[in-house]
Structure formats: structure tokens, C-alpha cells
Amino acid sequence: MSQSQPVDYTNAPPEVKAVYDDIKQTRQVDDVNNFWKYIAQHPPTLARTWDSLKEVMAPGALDPLVKELLYVAVSVTNNCGYCVASHTTAARRAGMTDEMFGELLAIVGMANETNRLAVGYRVPIDPAFE
């Protein structure tokens with residue numbers, strides 16, 4: 001199977017152009033990034049994913065930097081290089097420093113290590129945590 005190709009704005013069907021326009025307006029950018037261009041091969045997935053992301057990353061109880069840091073942490077754990085790069089950039093724009101990034105990665109590494117130990121040893125949950 002050949003590698004999929006991005007859907008550029010000029011060749012996009014109207015429903016894809018509408019999502020691209022919303023992304024560009026919402027993010028105040030001139031073009032959408034590759035993630036959106038590749039998932040646009042299936043317009044319903046593009047629309048659903050954009051709507052969900054827009055809702056989840058909207059202002060709420062967590063500030064934008066915290067949301068981006070969480071996204072980076074999960075992306076590192078899931079080994080998604082694209083998402084690590086994209087959301088690290090977004091986190092830096094939201095105020096993440098090199099020191100914060102280092103601490104974040106230390107926490108991610110430690111959490112993964114201790115999670116695996118707890119799973120491997122089948123550690124029962126303490127009553128105080130229930």
C-alpha cells in the first residue's frame with residue numbers, strides 16, 4: 001500500500017475547506033499543519049477530530065499551558081513524534097520554559113517506570129486511595 005497524500009486546500013472538497021477555514025481562523029494561521037491535511041482524506045474524521053480538539057483545548061478549568069503540557073506528556077508516552085513536536089511548540093508559545101520541559105519529561109519517565117512496576121507486581125490499591 002502506498003503512503004497516503006495530504007489534502008491541500010486547493011484540491012479539497014467543500015466540507016474539508018470549511019474545516020480548514022475554521023482551523024485557520026481559530027488558530028490565527030495561514031495554513032493548516034500536516035496532521036489535518038492527512039486526516040482530511042476522510043472528511044468525517046477531520047471534522048469530528050477538529051470539533052473534539054477545539055472543545056477539549058478551549059479555555060476551561062485548566063489553563064492553556066497546562067493543557068499543552070498534558071498533551072506533550074501523553075504524546076511522549078504514546079511515542080507520537082508528530083504530536084510531541086506539535087504540542088511542544090504550542091506549549092512553548094503558551095509559556096513553557098526549558099526547565100519546565102525537563103521537569104515534565106522527568107515526571108513522564110518516572111510515571112511510566114512506577115506504573116510498570118505497579119502493574120508488574122500487581123500492587124493492590126491502598127484503601128486510603130479508594
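Could you please give the count of residues in the range 81-102 that are out of contact with any Pro (no Cβ under 7 Å at 6 or more places or on another chain), surrounded by 14 or more Cβ atoms within 10 Å (Cβ to Cβ) and part of a loop (DSSP other than H, G, I, E, B)?
Qualifying residue count for the region: 1.
For a quick check of your reading of the model, give me the residue pairs whose first member lies in the range 30-51 and is touching a residue at least 40 places away in the same chain (Cβ under 8 Å), whose second is of a type outside the set (Asp, Glu) and in a loop (DSSP other than H, G, I, E, B), with beta-carbon atoms closer than 9 Å and at least 6 apart or on different chains.
Final answer for the pair search is 34/6.
Scan the range 36-49 residue by residue and report those that are closer than 11 Å to residue 16 by Cα and out of contact with any Pro (no Cβ under 7 Å at 6 or more places or on another chain).
36, 39, 40, 41, 42, 44, 45, 46, 47 - these are the residues of the range 36-49 that are closer than 11 Å to residue 16 by Cα and out of contact with any Pro (no Cβ under 7 Å at 6 or more places or on another chain).
How many residues, within the range 77-130, are touching a residue at least 24 places away in the same chain (Cβ under 8 Å) and in contact with an Asp or Glu (Cβ under 6 Å, 6 or more places away or on another chain)?
2
Every read-out reported here was derived from the displayed coordinates using simple, explicitly stated rules and does not represent laboratory data. This is a predicted model, so every value here is computed, not measured. Reconstructed Cβ throughout: ideal geometry from the backbone, glycine too, with neighbour counts over all protein chains shown.
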